[in-house]
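Asks: Dumping the structure here so I can ask a few things about it.
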Amino acid sequence: MFDAAKFVEDAVEEIKKQVKGKAIIAVSGGVDSSVAAKIGSMALGKNLVAVYVDTGFMRKGENEFVKNLYGKMDLKFIFIDAKKEFFEALKGVADPEEKRKVIGEKFIRIFERVAKEEEAEYLIQGTIAPDWIESGGGLRDTIKSHHNVGGLPEEMKLKIVEPLRNLYKDEVREVARYLGLEVAERQPFPGPGLAVRVMGEIDEKKVEIVREACAIVEEEIEKACEEGLIKKPWQYFAVLLPVRSVGVRGDIRAYGYTIAIRSVDSIDAMTAAYTKLPHDLLEKMATRITNEIKDVNRVVYDISNKPPATIEWE
Amino acid sequence: MKVYVIDNGGQWTHREWRVLRYLGVEAEIVANTTPLEKLKDADALVLSGGAPRVGLQDKLGNCDEYLQYANVPILGICAGHQFMARFFGGECGEAKVPEYGKVEIEIIEEDVLFKGLPKKMIVWESHNDEVTKMPEDFILLASSENCRVQAMKHVKKPLFGLQFHPEVEHTQYGNEIFMNFLGEAKK
């Protein structure tokens with residue numbers, strides 16, 4: 001079986017061997033990057049600089065959460081507001097692969113800027129097995145380019161260090177628990193964030209709609225878990241579809257967006273079964289989403305498994 | 001025990017590695033172009049699945065060499081299974097009804113792989129092609145509604161083929177199938 005203590009011991013040694021001088025670590029507030037940051041700080045101490053980029057595609061309340069989380073760790077923490085840059089870069093980009101690549105490159109350019117200021121040559125990332133598997137290469141087909149692997153630009157100055165490359169999420173969680181990290185049980189969130197939960201071209205309004213819808217889905221599912229009505233699914237979120245349909249609100253015709261709710265059960269994201277959520281809970285989420293978000297008048301539930309679907313829609 | 005996972009480019013090649021390691025086996029993923037002489041210490045081989053259509057190509061790295069000369073138990077999965085069937089004279093082609101995700105299979109012959117397991121089980125699949133004609137020296141072990149050759153075995157040698165994926169979490173009894181296979185390698 002998997003031995004978290006042994007893993008941490010080996011990973012710390014490996015980073016000490018690989019990294020000369022300073023390194024930066026890209027953090028998002030998720031489990032993977034938090035574990036990589038903790039292991040990195042155990043290996044490098046003050047020579048590790050954590051960089052968090054607010055892309056504008058983060059979950060509701062995420063910026064505050066991350067500031068608080070890294071405030072408690074023994075490393076240098078840099079917060080970068082890059083909302084404008086990211087929205088600017090994605091103007092006119094509708095293809096999911098292109099979106100991921102634009103985002104991947106933007107991240108790297110920002111990290112390169114920080115690394116230059118900090119005089120660091122290394123970039124530590126919380127890349128895990130599904131990221132590079134799905135990104136493809138060689139014989140392996142590209143399912144989607146993960147921003148931290150397939151989305152990397154060809155030309156880059158930083159040397160990449162990936163201590164969690166051979167782990168899956170359930171194993172990363174075991175390491176997180178072993179290290180006593182409070183984020184151990186957080187649900188996964190994609191690196192490109194809400195940008196891949198708005199189908200097609202994004203704009204600030206659409207991102208705001210899906211952010212609110214995701215928050216409602218999270219709130220209601222987590223409440224149902226606390227009340228013991230359901231077992232916590234692996235991942236649960238909302239997707240904004242580029243489809244509008246006719247509705248009626250207060251005797252007036254409406255022509256609004258459609259939100260898809262997605263909730264799946266998995267251990268490693270390599271296969272996933274849709275969650276058999278109770279209808280009362282689905283109804284509650286649909287009612288809240290359509291009542292609280294003005295531009296949405298229809299909600300559907302995604303009942304596909306992976307394969308053939310993937311977990312995120314893009 | 002040492003088992004090499006021959007990487008034919010599957011999404012779940014690394015999962016095969018993980019399951020084997022969890023079963024206490026020393027496992028290593030290697031490219032399918034690895035010369036057989038570098039795999040001399042192998043107690044068994046797993047031929048992984050792969051990207052679309054690789055099972056239908058004339059050559060699948062050095063898989064033909066492994067099948068002919070390796071002389072250890074071999075488990076072909078998905079594209080690896082299809083290639084095995086073709087290598088021994090069977091035929092493969094596009095599945096009339098491809099299967100992705102959850103499928104029920106029925107065990108026809110328990111043999112080694114399904115020893116001690118129920119007659120019906122849920123497995124997960126992801127294939128566009130399938131074995132349309134099993135080679136003569138093989139016997140049929142399991143079928144599903146839309147795919148006859150879900151599992152097969154060579155009549156004399158410890159060579160096994162599975163169309164479904166025992167290495168993924170959602171397949172029932174996946175670990176047991178691997179343990180039964182590894183039992184052959186211990187002989």
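The values are calculated or read from the model by the stated rules, or taken from the named source; none is laboratory data. Here the structure is a predicted model, which means the values were calculated and not measured. For neighbour counting, all protein chains shown are included, and Cβ atoms are generated from backbone atoms with ideal geometry for every residue, glycine included. The area values use the complete protein model at the heavy-atom level, side chains included, leaving out ligands, DNA and RNA. Shrake-Rupley method; radii C 1.70, N 1.55, O 1.52, S 1.80 Å.
Asks: Report whether or not A:THR271 is surrounded by 17 or more Cβ atoms within 10 Å (Cβ to Cβ) and within 14 Å of chain B (Cβ to nearest Cβ). Steps first, answer last, please.
Replies: Numbers: surrounded by 17 or more Cβ atoms within 10 Å (Cβ to Cβ): yes; within 14 Å of chain B (Cβ to nearest Cβ): yes.
It is true that A:THR271 is surrounded by 17 or more Cβ atoms within 10 Å (Cβ to Cβ) and within 14 Å of chain B (Cβ to nearest Cβ).
Asks: Moving to a separate point now. Select from the stretch B:144-187 the residues that are among the β-branched types (Val, Ile, Thr) and surrounded by fewer than 20 Cβ atoms within 10 Å (Cβ to Cβ) and list them in ascending order. Steps first, please.
Replies: Going residue by residue through the stretch B:144-187, those that are among the β-branched types (Val, Ile, Thr) are B:149, B:155, B:168, B:171, B:177.
B:VAL155, the sole residue that qualifies.
Asks: If I ask for residues that are open to solvent by less than 60 Å² (accessible area, probe 1.4 Å) and out of contact with any Gly (no Cβ under 9 Å at 6 or more places or on another chain), which ones from the stretch B:74-99 would you list?
Replies: B:PHE88, B:GLY89, B:GLY90, B:GLY93, B:ALA95, B:PRO98, B:GLU99
Asks: Hey, another quick one. Just one of A:LYS116, A:LYS106, A:LYS101 is touching a residue at least 12 places away in the same chain (Cβ under 8 Å), of a type in the set (Lys, Arg) and surrounded by fewer than 20 Cβ atoms within 10 Å (Cβ to Cβ); which is it?
Replies: Numbers: A:LYS116 fails: touching a residue at least 12 places away in the same chain (Cβ under 8 Å); A:LYS106 fails: surrounded by fewer than 20 Cβ atoms within 10 Å (Cβ to Cβ).
Result: A:LYS101 is the single residue among A:LYS116, A:LYS106, A:LYS101 that is touching a residue at least 12 places away in the same chain (Cβ under 8 Å), of a type in the set (Lys, Arg) and surrounded by fewer than 20 Cβ atoms within 10 Å (Cβ to Cβ).
So that you can scan it fast, the table gives a plain yes or no per residue for (1) at pLDDT below 95; (2) within 21 Å of A:ARG197 (Cα to Cα); (3) open to solvent by 10 Å² or more (accessible area, probe 1.4 Å):
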site: A:LYS16; (1), (2), (3): no, no, yes
site: A:SER28; (1), (2), (3): yes, yes, yes
site: A:ALA36; (1), (2), (3): no, no, no
site: A:LYS46; (1), (2), (3): yes, no, yes
site: A:ASP54; (1), (2), (3): no, yes, no
site: A:LYS67; (1), (2), (3): yes, no, yes
site: A:MET73; (1), (2), (3): yes, no, yes
site: A:PHE79; (1), (2), (3): no, no, yes
site: A:LYS84; (1), (2), (3): no, yes, yes
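Asks: Can I ask one more? Residues in the stretch B:36-54: is at least one β-branched (Val, Ile, Thr) and either within 12 Å of chain A (Cβ to nearest Cβ) or closer than 20 Å to B:GLU167 by Cα (or both)? Give the derivation first.
Replies: Residues of the stretch B:36-54 that are β-branched (Val, Ile, Thr), as a first pass: B:46, B:54.
Retained after the next criterion (residues that are either within 12 Å of chain A (Cβ to nearest Cβ) or closer than 20 Å to B:GLU167 by Cα (or both)): B:46, B:54.
Yes, the conditions are met somewhere in the stretch B:36-54.
Asks: Would you mention how many residues in the stretch A:119-148 are within 14 Å of chain B (Cβ to nearest Cβ) and open to solvent by less than 40 Å² (accessible area, probe 1.4 Å)? Show your work before the answer.
Replies: Taking the stretch A:119-148 and keeping what is within 14 Å of chain B (Cβ to nearest Cβ), we get A:127-144, A:146.
Now drop any that are not open to solvent by less than 40 Å² (accessible area, probe 1.4 Å), which leaves A:127-131, A:133-136, A:140, A:144, A:146.
Qualifying residue count, the stretch A:119-148: 12.
Asks: Every residue in the stretch A:274-303 that is open to solvent by 40 Å² or more (accessible area, probe 1.4 Å) and charged (D, E, K, R), please.
Replies: A:LYS276, A:ASP280, A:GLU283, A:LYS284, A:ARG288, A:GLU292, A:LYS294, A:ASP295, A:ARG298
Asks: Restricting attention to the stretch B:11-35, and to residues there that are open to solvent by 30 Å² or more (accessible area, probe 1.4 Å) and either within 16 Å of B:PHE164 (Cα to Cα) or of a type in the set (A, V, I, L, M) (or both), which single residue is nearest to the other protein chains (Cβ to nearest Cβ)?
Replies: Here is the first cut: in the stretch B:11-35, the residues open to solvent by 30 Å² or more (accessible area, probe 1.4 Å) are B:11, B:17, B:21-24, B:26, B:28-29, B:31, B:33, B:35.
From what is left, the residues that are either within 16 Å of B:PHE164 (Cα to Cα) or of a type in the set (A, V, I, L, M) (or both) are B:11, B:23, B:29, B:31.
On the way: B:GLN11: 6, B:LEU23: 10, B:ILE29: 10, B:ALA31: 8 Å.
Taking the candidates together, the pick is B:GLN11.
Asks: Additional query: Do we have A:ILE209 as touching a Pro at 6+ places or on another chain (Cβ under 7 Å), open to solvent by less than 20 Å² (accessible area, probe 1.4 Å) and either without any contact (Cβ under 8 Å) to a residue 40 or more places away in the chain or outside any strand (DSSP E or B) (or both) here?
Replies: On the way: touching a Pro at 6+ places or on another chain (Cβ under 7 Å): no; open to solvent by less than 20 Å² (accessible area, probe 1.4 Å): yes; either without any contact (Cβ under 8 Å) to a residue 40 or more places away in the chain or outside any strand (DSSP E or B) (or both): yes.
When the stated conditions are applied, A:ILE209 does not pass them.
Asks: Quick check on my filter: what residues within the stretch A:218-245 are part of a loop (DSSP other than H, G, I, E, B), open to solvent by 80 Å² or more (accessible area, probe 1.4 Å) and more than 22 Å from A:THR290 (Cβ to Cβ)? Write out each step before concluding.
Replies: Step one: filter the stretch A:218-245 for residues part of a loop (DSSP other than H, G, I, E, B), giving A:227-234.
Narrowing the set further to residues that are open to solvent by 80 Å² or more (accessible area, probe 1.4 Å) leaves A:227, A:229, A:231-232.
Result: A:GLU227, A:LYS231, A:LYS232.
Asks: Has the stretch A:17-31 got any residue that is among the small types (Gly, Ala, Ser), in contact with a Ser or Thr (Cβ under 9 Å, 6 or more places away or on another chain) and farther than 22 Å from A:CYS214 by Cα? Break it down into steps so the answer makes sense when it comes.
Replies: Restricting attention to the stretch A:17-31, the residues satisfying the condition of being among the small types (Gly, Ala, Ser) are A:21, A:23, A:26, A:28-30.
Filter again for in contact with a Ser or Thr (Cβ under 9 Å, 6 or more places away or on another chain), leaving A:26, A:28.
Applying the additional criterion that residues be farther than 22 Å from A:CYS214 by Cα yields A:26.
Looking for residues that are among the small types (Gly, Ala, Ser), in contact with a Ser or Thr (Cβ under 9 Å, 6 or more places away or on another chain) and farther than 22 Å from A:CYS214 by Cα, one finds at least one in the stretch A:17-31, hence yes.
Asks: Which number in (1) touching a helix residue (DSSP H, G or I) at 6+ places or on another chain (Cβ under 8 Å); (2) away from chain A (no Cβ under 14 Å) marks the one condition that B:GLY90 misses?
Replies: (1)
Asks: If I filter the stretch A:247-259 for residues that are away from chain B (no Cβ under 14 Å), farther than 30 Å from B:ARG18 by Cβ, open to solvent by less than 50 Å² (accessible area, probe 1.4 Å) and among the aromatic types (Phe, Trp, Tyr), do I get at least one hit?
Replies: The initial filter retains those residues of the stretch A:247-259 that are away from chain B (no Cβ under 14 Å), namely A:247-259.
Add one more test, that the residue is farther than 30 Å from B:ARG18 by Cβ, and what stays is A:247-259.
Add one more test, that the residue is open to solvent by less than 50 Å² (accessible area, probe 1.4 Å), and what stays is A:247, A:254, A:256-259.
Of the ones still in play, those that are also among the aromatic types (Phe, Trp, Tyr) are A:257.
Checked the stretch A:247-259: at least one residue is away from chain B (no Cβ under 14 Å), farther than 30 Å from B:ARG18 by Cβ, open to solvent by less than 50 Å² (accessible area, probe 1.4 Å) and among the aromatic types (Phe, Trp, Tyr).
Asks: Tell me which of these A:ALA176 doesn't satisfy, since it passes every other one: (1) more than 14 Å from chain B (Cβ to nearest Cβ); (2) over 16 Å from the mean Cα position of the chain (by Cα); (3) part of a loop (DSSP other than H, G, I, E, B).
Replies: The number of the failed condition is (3).
Asks: Let me ask you something else. Inside the stretch B:119-187, counting only strands (runs of 3 or more DSSP E) that do not spill past its ends, which hold 1 or more residues that are over 22 Å from B:GLY10 (Cα atoms) and of a type in the set (A, V, I, L, M, F, W, C)?
Replies: Numbers: elements: B:120-133, B:138-144, B:151-154, B:159-162.
Here the list reads B:120-133, B:138-144.
Asks: Follow-up. Check whether at least one residue in the stretch A:286-297 is assigned to a strand (DSSP E or B), in contact (Cβ under 8 Å) with a residue 24 or more places away in the chain and away from every other protein chain (no Cβ under 14 Å), and report yes or no.
Replies: Step one: of the stretch A:286-297, the residues assigned to a strand (DSSP E or B) are A:296-297.
Among the residues that remain, those that are also in contact (Cβ under 8 Å) with a residue 24 or more places away in the chain are: A:296-297.
From what's left, away from every other protein chain (no Cβ under 14 Å): A:296-297.
Looking through the stretch A:286-297, at least one residue is assigned to a strand (DSSP E or B), in contact (Cβ under 8 Å) with a residue 24 or more places away in the chain and away from every other protein chain (no Cβ under 14 Å).
Asks: Still on this model: Filter the stretch B:53-98 for residues that are assigned to a strand (DSSP E or B) and acidic (Asp, Glu); which is nearest to B:GLU136 (Cα to Cα)?
Replies: Here is the first cut: in the stretch B:53-98, the ones assigned to a strand (DSSP E or B) are B:74-77, B:91-98.
With acidic (Asp, Glu) added as a condition, the list becomes B:91, B:94.
Values: B:GLU91: 11, B:GLU94: 21 Å.
The qualifying residue nearest to B:GLU136 (Cα to Cα) is B:GLU91.
Asks: Restricting to the stretch B:58-73, name every residue that is exposed (fewer than 15 other Cβ atoms within 10 Å of the Cβ) and within 14 Å of chain A (Cβ to nearest Cβ).
Replies: Across the stretch B:58-73, the qualifying residue is only B:LYS59.
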